[in-house]
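Have a look at the structure below before the remarks.
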Amino acid sequence: MTTSVSSHKLRITFLLPIPGDKPCGGIKVIYEYANFMAAQGHRVTVLHPNRLIVDKPLTSLGPKAILRSIRRYVKMRSTRQYRPDSWFRVHPEVDVRWVFSLDEKNVPDADVVVASAWETAEWIQTYSANKGKKFYLIQHLETFTGPEQRVFATWTAPLRKIVIAPWLQRLATEQGQSSELIWNGLDFLRFKLVKPIEERDPKRLIMLYHVVDWKGSAEGLAAFSSARKEIPDLHLTLFSLAPRPADLPDGIDFYHQPTQEKLNELYNKAAIFISPSWAEGWALPPAEAQMCGAALAVTNIGGHEAYAQHEQTALLSPIKDSATLAKNIVRLVRDQPLRIRLAQQGHSQIQQFTWQRAGKSLETLFERSLAEDLMSRIEQESLTTAVR
């Protein structure tokens, strides 16, 4: 039976929670999978909803809010602004749609349907079998975007769970749930080592700046300021989707929404990448910097563990501990052999995380799950016939 399932091309639907017009790691992961599946000949649809929350339909809004929502839907659909074309190239065979909501009537019939956020996991539970076997790609513990009770309820819902990191798999196990671990992949054509690690100015640092607290930007800036007291000519490059904040300390360059090509250039100029996040699902920017030859000074969290091992491929510090992070920065700047060794070993280790491997793992999971379901139905039909 496995052969019959895997020999035909699948219809796959991915559900996203937001538009794709701005760079976002979780959105990028879905588009990478969509591209891979389309390249294998599968029929892929990606849905972006105008209205997201399952229990807040249009009718729950006031007249002015209803009008704003309708206008937004019409504008986004006509301008195609929901697409990621400004920062990500989508395979031409991927059908990217802007729908009013993730109501079943707006979702095509398929073999597989994949939720990618807790809100979409609530929607997917309302679908009939015609929309496909239901999978839930868990990329983070999303209690920072929704009520804890509702978020955890999606973890125990009757969906096939896929996680991107061991810490998420451990959390699923604690909830009594089985899950499939599939590591994220990385774009090695877009991000690559250009400037030799040994030739970099060790005093050049780089960090993603974010306005939400749990990204740790405040601690990262505090660590930089502290390290700069010991090394006055230390320099930090920040890049961000947000505009430049008004109160940045001295010694900082700021890039607002750099292109991927520019970001590759910035990664290659830097000797050290700082990631002070309190939590991540599977942090992409540190991995991208590692691909480009930067040494890592990052927090000791599950979202870094795939590629950041203390004293082997990175220096780790506890979350919210700017003092220890600053010490690690100073150590990497002053100890050239250590920085070079960690950067080289990190660059070597990160090569395993390809989208080819990740995509093939997901494709195999889809095919295996559908084959198991088919076999189960055949066995059940045989038992029913035997009883008759």
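A few remarks follow.
- Residue match in the range 86-94 (condition: among the acidic types (D, E) and either under 29 Å from D213 (Cα atoms) or surrounded by 15 or more Cβ atoms within 10 Å (Cβ to Cβ) (or both)): no
- Test: residue in the range 357-379 that is under 30 Å from A227 (Cα atoms) and loosely packed, with under 14 Cβ neighbours inside 10 Å: no
- All of L241, L205 fail the test of being in the same structural domain as R339 (by TED's automatic domain parsing), under 25 Å from M291 (Cα atoms) and at pLDDT 95 or above, apart from L205.
- Residue check for L137: closer than 30 Å to I66 by Cβ, modelled with pLDDT of 95 or more and either touching a Leu at 6+ places or on another chain (Cβ under 9 Å) or of a type in the set (S, T, Y) (or both): no
- Among the candidates L316, L248, L284, L332, the residue that is touching a Gly at 6+ places or on another chain (Cβ under 8 Å) and either of a type outside the set (K, R) or over 19 Å from K203 (Cα atoms) (or both) is uniquely L284.
- Single match in P108, P147 (criterion: in contact (Cβ under 8 Å) with a residue 12 or more places away in the chain and not β-branched (V, I, T)): P108
- Test result for I70, outside the structural domain of P258 (by TED's automatic domain parsing), of a type in the set (V, I, T) and surrounded by fewer than 14 Cβ atoms within 10 Å (Cβ to Cβ): yes
- Selection from the range 283-314 of residues that are touching a strand residue (DSSP E or B) at 6+ places or on another chain (Cβ under 6 Å) and either of a type in the set (D, E) or not assigned by TED's automatic domain parsing to the domain that holds N328 (or both): none
- Test: residue in the range 23-30 that is part of a loop (DSSP other than H, G, I, E, B) and either modelled with pLDDT under 95 or at positive phi (or both): yes
- Residue satisfying all of: in the range 37-73; within 23 Å of the chain's Cα centre (by Cα) and of a type in the set (D, E, K, R); farthest from P147 (Cα to Cα) among these: R43
- Among (1) touching a strand residue (DSSP E or B) at 6+ places or on another chain (Cβ under 8 Å); (2) in a helix (DSSP H, G or I), the one test that R68 misses: (1)
The values are calculated or read from the model by the stated rules, or taken from the named source; none is laboratory data. Given the structure is predicted, the values throughout are model-derived calculations rather than measurements. All Cβ positions, glycine included, derive from the backbone under ideal geometry; neighbour counts span all protein chains shown.
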